[in-house]
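Worksheet: the structure to be examined is printed underneath.
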Amino acid sequence: MIKDKKKFPESDIKAILKLYGFDTNFSEQKEYINYHEEYGWNVKVVLSVLLENGKRVVIKIVNIKGDNLLEEREKTDKQSAFSEFMRTNGIITPKCYMSNGRYCNDYLYNDLPCNVTVEDWCGEEITEISTEISYKIGELMARMHILSLDNHYEIGCGTLFSAAHQNDVDAYEDFCKISENEYLDQAVVEQIKKHRNEKLKAIRSGWDKLPKAAVQGDISINNLVYGEEALTVFDYNNAGDVVLVSDLVLEGLLTAYEMDLPKETDISVREQFFPALLKGYLSIRQLSEEEADIAWSIYTLYHSLWFSRIVHNADSLEKLVKNEDYASANRLLVKMLADMTENDDGRFRK
């Protein structure tokens with residue numbers, strides 16, 4: 001069980017600051033994440049400290065049980081290098097600091113080997129999504145995609161959002177299990193499965209021909225700061241290489257359906273967010289015909305079978321079946337089929 005840990009020791013903060021060449025004096029410490037397993041190897045600490053010179057920096061210490069520490073250190077170093085590439089090419093993102101020629105170094109914390117990084121603090125994260133912010137996310141993503149693609153930048157690992165393969169928003173196995181319930185309309189269930197398999201086959205058949213490059217990999221609002229002129233993006237711990245339209249569509253849907261709304265906002269406003277993000281993206285980077293075709297397949301597949309629509313949400317298929325509200329569950333299945341089979345409206349070509 002993961003438990004909160006007492007305040008992170010000042011002695012460790014000073015040792016890490018010294019490791020990265022900073023004056024070890026600081027006046028303020030703010031913790032964002034501080035957990036560990038009482039008898040395990042899981043450690044994740046994220047905190048910021050205010051240095052005497054007025055600069056605030058973020059320290060991250062990580063050791064996740066089951067991970068190869070050296071491999072994770074190498075990956076984090078490459079992700080940090082990608083962040084620096086973005087920063088030095090005009091994307092507003094925090095500076096990552098080096099020690100011993102590396103961004104990510106080993107550090108012994110509580111007698112446990114960990115990885116440590118230090119970067120600039122860039123402000124408080126966005127807490128609520130809006131149409132305006134969605135548009136700006138699309139613009140930012142497009143600029144980052146262009147930079148990465150034009151420079152043939154690769155990190156050497158995947159991301160959370162590969163539409164053709166395993167990804168963090170795919171709940172199809174849950175759908176299949178839930179839809180075994182005899183009170184659900186099996187004819188509609190079978191049609192959804194049929195169209196899902198056809199779309200996935202189409203996506204995979206054109207996958208290797210599509211533009212692919214390194215991406216930030218998790219450009220949701222909790223990794224963004226809304227500055228005076230533009231968005232600042234931080235946290236590249238999910239950065240990797242992926243087909244760009246996969247990053248666009250799946251992260252766009254994540255922005256639309258999983259980010260917090262302002263209080264008292266009608267939930268129907270969510271339907272405006274993906275179109276706004278896409279409009280922002282296409283204002284900067286146009287898609288080829290091949291990309292637009294696959295993007296539509298990705299959109300209709302995952303819009304229909306969006307994971308929180310199947311599980312988690314109060315009105316998800318899982319919850320409706322559990323509550324034996326089969327009339328609502330079958331209406332949801334009909335809507336999912338309609339979304340899956342929606343005709344291409346050309347939105348990825350505008």
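In table form, for the structure just shown:
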{"read-out": "HN-Hα J in Hz across the range 99-106 - Karplus 6.51, -1.76, 1.60, θ = phi - 60°, x for Gly and Pro", "value": "8, 6, x, 10, 7, 10, 10, 7"}
{"read-out": "Across Lys136/Lys335; Lys95/Lys136; Lys201/Lys279; Lys201/Lys322, pairs whose alpha-carbon gap is larger than 24 Å", "value": "Lys136/Lys335; Lys201/Lys279; Lys201/Lys322"}
{"read-out": "Rg/Rh (Cα only; Kirkwood hydrodynamic radius) as it applies to the range 92-188", "value": "1.12"}
{"read-out": "Two-decimal log10 I(q)/I(0) for the range 1-115, as the Debye equation yields it once each C-alpha is a single scatterer, q = 0.15 Å⁻¹", "value": "-0.71"}
{"read-out": "Residue with peak Gaussian network fluctuation, the chain [Cα springs, cutoff 10 Å], from Pro94, Pro275, Pro262", "value": "Pro262"}
{"read-out": "Accessible area per residue in Å² at 1.4 Å probe, computed on the range 230-350", "value": "42 Å²"}
{"read-out": "Among Cys96, Cys176, Cys157: highest mean-square fluctuation, GNM of the chain, C-alpha pairs under 10 Å", "value": "Cys176"}
{"read-out": "Separation of the Gln186 and Lys55 label points, Cα + 7 Å toward Cβ, nm", "value": "6.7 nm"}
{"read-out": "Phi-based couplings in Hz for the range 237-253 (Karplus 6.51, -1.76, 1.60; Gly and Pro marked x)", "value": "6, 10, 5, x, 9, 7, 4, 5, 5, 5, 4, 4, 6, 5, 6, x, 5"}
{"read-out": "Whole-number D in µm² s⁻¹ for the range 242-350, Kirkwood Cα-pair radius fed into Stokes-Einstein, 4 °C, 1.567 mPa s", "value": "86 µm²/s"}
{"read-out": "Phi to ³J(HN,Hα) by Karplus 6.51 cos²θ - 1.76 cosθ + 1.60 over the range 321-333, Hz, x for Gly, Pro", "value": "5, 4, 8, 6, 8, 6, 5, 5, 4, 6, 5, 5, 4"}
{"read-out": "Accessible area in square angstrom per residue, the range 1-118, 1.4 angstrom probe", "value": "53 Å²"}
{"read-out": "Most mobile of Gly123, Gly21, Gly240 in a GNM of the chain (Cα contacts under 10 Å)", "value": "Gly21"}
{"read-out": "Of every Cα-Cα pair in the range 291-350, the percent that sits beyond 18 Å", "value": "41 percent"}
{"read-out": "Computed helical MRE - 222 nm, the chain, DSSP H runs ≥ 4 contributing -39500 (n - 2.57), nearest 500", "value": "-13000 deg cm²/dmol"}
{"read-out": "Between the range 51-110 and the range 199-249, the Cα center-to-center distance that results, in Å", "value": "20 Å"}
{"read-out": "Surface/4 estimate of mean projected area, convex hull on alpha-carbon atoms of the range 163-217, nm²", "value": "4.7 nm²"}
{"read-out": "FRET efficiency for Glu128 and Gln29, using Cβ-Cβ distance with R0 set to 22 Å, rounded to 0.05", "value": "0.20"}
{"read-out": "Under 14 Å, Cβ to Cβ, from Arg73 - net charge with Lys/Arg +1 and Asp/Glu -1", "value": "-2"}
{"read-out": "Carbon/sulfur fraction of accessible area - the range 243-350, other protein chains in place, 1.4 Å, %", "value": "51 percent"}
{"read-out": "Residues of the range 147-198: accessible area per residue with a 1.4 Å probe, Å²", "value": "59 Å²"}
{"read-out": "Principal axes of the chain: Cα extent on each, largest first, Å", "value": "66, 45, 41"}
{"read-out": "Accessible area (Å², 1.4 Å probe, nearest 10) - Ile284", "value": "70 Å²"}
{"read-out": "Net charge dipole size for the range 125-235 [Lys, Arg +1 and Asp, Glu -1 on Cβ; Debye, nearest 20]", "value": "660 debye"}
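The values are calculated or read from the model by the stated rules, or taken from the named source; none is laboratory data. If you're wondering where the values come from, they're calculated on a predicted model, not measured in any experiment. No Cβ is skipped: glycine too gets one built from the backbone with ideal geometry, and neighbour counts run over all protein chains shown. Note: accessible area is taken over every heavy atom of the protein model, side chains too, but ligands, DNA and RNA are not part of it. Shrake-Rupley method; radii C 1.70, N 1.55, O 1.52, S 1.80 Å.
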